[in-house]
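The values are calculated or read from the model by the stated rules, or taken from the named source; none is laboratory data. A quick note: this is a predicted structure, and the numbers were derived from the prediction, not measured. Cβ sites come from the backbone with ideal geometry, for glycine too, and all protein chains shown count toward neighbours. These accessible areas exclude ligands, DNA and RNA; they are computed on the full protein's heavy atoms, side chains included. Shrake-Rupley method; radii C 1.70, N 1.55, O 1.52, S 1.80 Å.
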Amino acid sequence: MRKTLFLLCALAVAGAGAQNKMADILSSIETNNPQLKAGAQMVLSQKAEVSSQNSLADPTFELEHLWGAQNAGDRKYDITVSQAFDFPSLYVQRNQMGNLKRSLYDGQQALLRQQVLLQAKELCLRIVYLNRCIQLGEERQAAADRLAALYRERLATGDAAILDVNKIEIEQLNVTTANTRLRNDRSACLAQLRALNGGEPFEEGLETLADYPQAAMPASFDDLKAQALQADPELQLLRQESLIADKSVALNRAGWLPKFELGYRHAYELGERFNGLSVGISIPLFANRKKVKMAKAQALAGSFAVNNREQQALAELQTAYDEAVSLQRDHARYDLLMRQNNLGLLQKALTAGQISMVEYLVDATQLYEAFDNRLSLEYEYQLRLARMYKFEL
């Protein structure tokens, strides 16, 4: 069973090549993902809508034609062309609000991108884990097949009982079933990954993805916290919404400023023509009521939301960090499997007749369970690292 130990030693090293391969996969998904494409188009639409909200109102054209009941020649024409506009400072404030909203929409796309890429990375990590489990399962399958062949020969010569052969065949069946489940799980993950890539094939086969990317625990939790809270797209989005809410207060205050209308008027009455200007003013005595109060309440709610999300993000980060530390420690305890050759010793002892078939199967099952636990701990550790460093995606 030295091959198993060499296999696990080789799989324990995550090279730069694996990191580049996973980065290529994520880059392909970022390019081809339908959800990200739809989100990008939505951002363009939202930005265009923002730009349209700070335009002048449409000009107004009015025509009046009046005539007298007694004398058909008594006619009156009145033509007015006018343009309404807000107080000039309102356009400045709306432009500033528009810039904040554009940044908000970019932030929404950045958050969506992070969510999609994190999902893809977790699927990649799952595939690496399953590939390692499958390779270990194939080693176990080969060992069971060799053992079955040996005991069939012994059965033929009368050196083994039929019960021993039956036990080995049951072991073969269990290992085959477990390997089939692992392959089915891998196929499901590959299908999900291809769906994230918009159905487009990847340049390299994912079935060979067997190494984790290079990643290490942060020097301290404080360093990780400072980076994560500053770069987290969801927090940046909430902070941007809070800025928009604050700006909305100033914009609604400016809403009390009067609106104007300026126009040109031409009139024809009783054979005479008149030209002049028309000026109008609208004072928002009723339309702006309670809007400032509402905007202040929304700004306050936004600040509470930012603080609440920061606390949640900090708790999630602390949990992931603590779990990663624990998983790393537990994984290190299984390093003794790399220094021992218990499977090989068991096989030699069984061949020499020093232990029974039942003892071999019990001890071998225990060892394979230990190998499975080691792979599972490494996978869970990599998942925690991916979630801690998701702000780097």
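Quick look at the numbers
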{"quantity": "Complete set of residues in region 30-48 that are charged (D, E, K, R) and open to solvent by 100 Å² or more (accessible area, probe 1.4 Å)", "calculated": "Lys37"}
{"quantity": "Of residues in region 207-227 being among the aliphatic types (A, V, I, L, M) and assigned to a helix (DSSP H, G or I), the one surrounded by the fewest Cβ atoms within 10 Å (Cβ to Cβ)", "calculated": "Ala226"}
{"quantity": "Yes/no for Cys133 being under 20 Å from the mean Cα position of the chain (by Cα), at pLDDT 85 or above and either open to solvent by 10 Å² or more (accessible area, probe 1.4 Å) or more than 18 Å from Thr351 (Cα to Cα) (or both)", "calculated": "no"}
{"quantity": "Residue check for Pro233: buried (at least 18 other Cβ atoms within 10 Å of the Cβ) and farther than 29 Å from Pro59 by Cα", "calculated": "yes"}
{"quantity": "Some residue of region 195-206 being assigned to a helix (DSSP H, G or I), under 23 Å from the mean Cα position of the chain (by Cα) and modelled with pLDDT under 85", "calculated": "yes"}
{"quantity": "Test: residue in region 329-344 that is among the charged types (D, E, K, R), more than 36 Å from the chain's Cα centre (by Cα) and open to solvent by 50 Å² or more (accessible area, probe 1.4 Å)", "calculated": "yes"}
{"quantity": "Candidate set: region 244-264, residues that are open to solvent by 40 Å² or more (accessible area, probe 1.4 Å) and part of a loop (DSSP other than H, G, I, E, B); chosen: the one farthest from Lys296 (Cα to Cα)", "calculated": "Leu257"}
{"quantity": "Selection within region 281-309 - open to solvent by less than 100 Å² (accessible area, probe 1.4 Å), in a loop (DSSP other than H, G, I, E, B) and among the aliphatic types (A, V, I, L, M)", "calculated": "Ala287"}
{"quantity": "Complete set of residues in region 139-174 that are open to solvent by 40 Å² or more (accessible area, probe 1.4 Å) and outside any helix (DSSP H, G or I)", "calculated": "Gly158, Asp159, Ala161"}
{"quantity": "Qualifying residue in region 347-367 (condition: within 36 Å of the chain's Cα centre (by Cα) and touching a residue at least 40 places away in the same chain (Cβ under 8 Å))", "calculated": "no"}
{"quantity": "Odd one out for Ala267, checked against (1) assigned to a strand (DSSP E or B); (2) open to solvent by 40 Å² or more (accessible area, probe 1.4 Å)", "calculated": "(2)"}
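For every residue, the table says whether it meets (1) over 22 Å from Pro233 (Cα atoms); (2) open to solvent by 60 Å² or more (accessible area, probe 1.4 Å); (3) over 43 Å from the mean Cα position of the chain (by Cα).
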{"site": "Ser55", "(1), (2), (3)": "yes, yes, no"}
{"site": "Asp58", "(1), (2), (3)": "yes, yes, no"}
{"site": "Tyr77", "(1), (2), (3)": "yes, yes, yes"}
{"site": "Val81", "(1), (2), (3)": "yes, yes, yes"}
{"site": "Asp86", "(1), (2), (3)": "yes, no, no"}
{"site": "Arg94", "(1), (2), (3)": "yes, yes, no"}
{"site": "Asp106", "(1), (2), (3)": "no, yes, no"}
{"site": "Leu111", "(1), (2), (3)": "no, no, no"}
